[in-house]
Amino acid sequence: MENRWLDRVLAILATLAALTVAAMVVAILSTGGTQDFFQTARSVEAYGAYLATPVVALGLRLNLGLDNLFMIFYGAFFVVLSLRLRTMLDSRLLTVALAAMMLTLVLDGIENHHIMTMVHSIQHGLPLSVTDGQLQMIASQVKFHASYLAAFLFAFGFLQFGRLGRIIAVVLWCYIPCGVLISVTPVESAQALVLGRTIFFVFAFILSAVLFFSQGSASGQNTSGQNIQ
């Protein structure tokens, strides 16, 4: 019964995470405003020029708000997933995987709020330096690499859930080299890789929603069968 409840929670959280990212993509395409621009070190003038268009500035704020919501959903998902896997994987592996994901969550929060601080500073004439963008770039890269470690380890947990679980594990493992390539590719040439990284991560959440909805339903049917007997 406990696993059935965890499966349902995981399915809901995975669905909410996927829908939130979908909303972020729509907002980016509609306004052109995205925090990705601030994840790379640039001149102060470049940041100012980017925010000069009101719809872009609005889109950036909307994107950051949705990303803050996404952090809650994916953070909760991996905490609950750790509980679901506690009898299926070595506790030491789960501890490292969850710690890496929580580091991702913390750095993601720092990143978003630092970007908002940069936006506030630019729009209110406060001093901003190139160092702000450079530190932002470092935090963003470390955040993503922490998520690669977490995804690599959590994939072993998904292997325990049959064919669909194995597919999710492969998707998570594909997410990793795509992301590592981004870190060593010139920014101007990495757009396709950034899109690929997003697709792999979102696809993993969509498949996870399907997996855990089916797991919860199967558990419910087994419980009903036992009660009848």
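The values are calculated or read from the model by the stated rules, or taken from the named source; none is laboratory data. Fair warning: this is a prediction, and the values are worked out from it, not measured in the lab. For neighbour counting, all protein chains shown are included, and Cβ atoms are generated from backbone atoms with ideal geometry for every residue, glycine included. The accessibility values were calculated without ligands, DNA or RNA, using every heavy atom of the protein model including side chains. Shrake-Rupley method; radii C 1.70, N 1.55, O 1.52, S 1.80 Å.
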With springs connecting C-alpha atoms under 10 Å apart, model the chain as a Gaussian network and identify which of 141, 160, 191 has the largest mean-square fluctuation.
191
Helix 162-184 sits off the longest principal axis of the Cα atoms of the chain, rounded to the nearest 10 on a 0 to 90 degree scale, by 20 degrees
Average Cα contact separation per residue, the chain, under 8 Å, 6 or more apart, as relative contact order %:
30 percent
With axes computed from alpha carbons, what is the tilt in degrees of helix 91-123 against the longest principal axis of the chain, rounded to the nearest 10 within 0 to 90?
30 degrees
Can you pull the Rg over Rh of the range 148-187, Cα-only, Kirkwood?
1.11
Within a Gaussian network of the chain (alpha carbon springs, distance under 10 Å), most fluctuating of 107, 211, 29
29
Note the full-extension length gain between residue 135 and residue 88 as 0.36 nm times their separation in residues minus their Cα-Cα distance, in nm to one decimal.
13.0 nm
What residue among 192, 139, 208 has its Cα farthest toward the positive end of the dipole of the chain, where the charges are +1 on Lys, Arg and -1 on Asp, Glu, each on the Cβ?
208
Working from Cα positions, state the angle (0 to 90°, nearest 10) between the long axis of helix 2-31 and the longest principal axis of the chain.
30 degrees
Could you report the chain's accessible area per residue, 1.4 Å probe, as an integer in Å²?
49 Å²
With unit charges on the beta carbons (Lys and Arg positive, Asp and Glu negative) and the dipole taken about the Cα centre of the range 23-109, which residue among 87, 34, 44 sits farthest to the positive side?
87
Charge dipole (the chain, unit charges on Cβ, about Cα centre) - positive-most of 104, 11, 59:
11
Determine the dipole magnitude for the chain: charges of +1 sit on the beta-carbon of Lys and Arg, -1 on that of Asp and Glu, nothing else is charged, the reference point is the Cα centre, and the result goes in debye to the nearest 20.
620 debye
